[in-house]
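In what follows, a structure is listed as structure tokens, so that the remarks can point back to it.
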Amino acid sequence: ANGRIGVLIMSYGTPESLDQVEAYYTHIRRGHPPTAEQLHELTSRYEAIVGGFFPLRENTNKQVKGLEETLGREHPELEFVCYQGLKHAQPYIEDGVELMVKDGITEAIGVVLAPHYSTMSVGGYVKRAKDRAAELGLKIDFVLSYHLHPKLLEALSNRVERALGKFTDVSRDEVRVIFTAHSLPEKILEMKDPYPDQLLATSNAIADRVGITNWQFGWQSAGQTAAPWLGPDILEVLDTIRKEENVKNVLLCPIGFVSDHLEVLYDIDIEAQALAKELGIHLERTESLNTDPLYMETLSDVVFEKLKGAA
Ligand code: FEC
């Protein structure tokens, strides 16, 4: 490829201030504003998390910068220019595509800051970028998943190792490791969506590397809609394993997320932690990837491989 290559880095997006929470929530709900009660509930979750109200924004900014630096270092012969495209906040995915075209980019690769493919998650990001790129005549190709990339597995395995070290008074085998990811509506199963299998493949690969057999998978952060969501939820899992198997030590490893944000800092660190206390469980969580160089290299590798494939 000649000239500059655009990289559209897509992430979930988060509000920038409390007065943007309503617009953000309305966007997630596809234009349906939340009730006052729902809005209050979400606002209080943001108010409760550590690291500022909206850590996802700064984390995404740092990941974008980190990936641009890594691509530049690993491929000095090429010029990669990174753009952000957010699913539910500005700059939206379409804004990122428009900016690339305005900057004279003609060839681009898109990648999502989530390792596992689902039609409802990554598929949705890709569709929006593809549609806008087609309208503007931009050539763009997409990385769809990277859930078994060796460097990603290494970064996650290191984290599991480190967090297991926090259980000083019991043997490793006594710690139940629960790999988690964002739940989705059960209807994805009928669509033969690869999401659950990819998540299990990542879990299995980490368990193999770390050498753990005492592990399982659990879903988290399911939405409040009438349709059923994939389960069991981690809250239910904690309750069951304490009562039925007398498990007292649990390590949660959120493999579906790559950054500190609401679903990690609230749903795990506050909500699951409170339940664990009540149940008498020592609960720890693996650190988020954020800008781990191994994660930046994972992204750099998959973007470059896609570019070579597209050439
Ligand atoms: O820190 C932040 O400000 C944002 C945290 C955040 C991340 C995230 C990631 C994923 N979501 C996924 C699926 C859904 C589906 C619905 C849904 C709803 C919400 C709501 C909030 C929210 N999500 Fe999210 N998600 C984050 C935050 N998510 C807030 C709305 C209130 C609530 O239900 O709690 C249901 C929407 C609908 O009704 O249609 C589905 C998936 C991911 C992981 C992949 C990715 O990052 O894209 C899948 C981070």
Would you please classify the overall shape of region 134-245 from the alpha carbon gyration tensor, given that a ≥ b ≥ c denote the square roots of the eigenvalues, rounded means a/c under 1.5, and beyond that prolate means a/b larger than b/c while oblate covers the rest? oblate
Region 188-267: which GluC sites (Glu not before Pro) are DSSP loop and have at most 16 other beta-carbon atoms within 10 angstrom? Glu190
Quick one: dipole size for region 187-311, taken about the Cα centre, charges +1 on Lys/Arg Cβ and -1 on Asp/Glu Cβ, in debye to the nearest 20. 200
Bins of 5 Å, starting at 0 and running to the largest distance - Cα pair percent for region 168-311: 2, 9, 16, 19, 20, 16, 9, 5, 2, 1, 0, 0
Are there any GluC sites (Glu not before Pro) in region 38-96 that are in a DSSP loop and have at most 14 other Cβ atoms within 10 Å? List them by number. Glu77
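What percent do you get for the relative contact order of the chain when only Cα pairs under 8 Å and 6+ apart count?
Values: 499 pairs, mean separation 69.7, N = 311.
Once divided by the residue count of the chain, the mean separation gives 22 percent.
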What whole-number value in cubic angstrom gives the convex hull volume per residue for the C-alpha atoms of region 26-90? 90
Kirkwood estimate for the chain, i.e. one over the average of 1/r between Cα atoms, Å: 20.4
Would you mind giving the three semi-axes, in whole Å and largest first, of the ellipsoid equivalent to region 1-148 according to its Cα gyration tensor? 30, 17, 14
Helix 150-164 sits off the longest principal axis of the Cα atoms of the chain, rounded to the nearest 10 on a 0 to 90 degree scale, by 30
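Rounded to the nearest 500 deg cm²/dmol, what is the calculated helix-only ellipticity per residue at 222 nm for the chain, with -39500 (n - 2.57) per DSSP H run of length n ≥ 4? Working shown, then result.
Values: 11 runs with 138 residues, N = 311.
Value at 222 nm, helices only: -14000 deg cm²/dmol.
Please report the relative contact order for region 220-311, taking Cα pairs under 8 Å with a sequence separation of at least 6, and give it as a percent rounded to a whole number.
Numbers: 61 pairs, mean separation 27.4, N = 92.
That works out to 30 percent.
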Through the Karplus equation 6.51 cos²θ - 1.76 cosθ + 1.60, θ set to phi - 60°, convert the phi angles of region 203-219 into ³J(HN,Hα) values in whole Hz; use x for Gly and Pro. 4, 4, 5, 5, 4, 4, 4, 7, x, 10, 10, 8, 9, 8, 10, x, 8
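Any idea what the relative contact order of region 63-104 is, in percent, if you count C-alpha pairs under 8 Å spaced at least 6 apart? Working shown, then result.
Details: 29 pairs, mean separation 11.1, N = 42.
Relative contact order here is 26 percent.
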Sort region 217-290 into rounded, prolate or oblate with this rule: let a ≥ b ≥ c be the square roots of the eigenvalues of the Cα gyration tensor; rounded if a/c is under 1.5, and if a/c is not under 1.5, prolate when a/b is larger than b/c, oblate otherwise. oblate
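Rule-based calculations on the coordinates, nothing more; no lab input. For clarity, every value in this text was computed on a predicted model and none was experimentally measured. Here the Cβ is made from the backbone with ideal geometry for all residues, glycine too, and neighbour counts use every protein chain on show.
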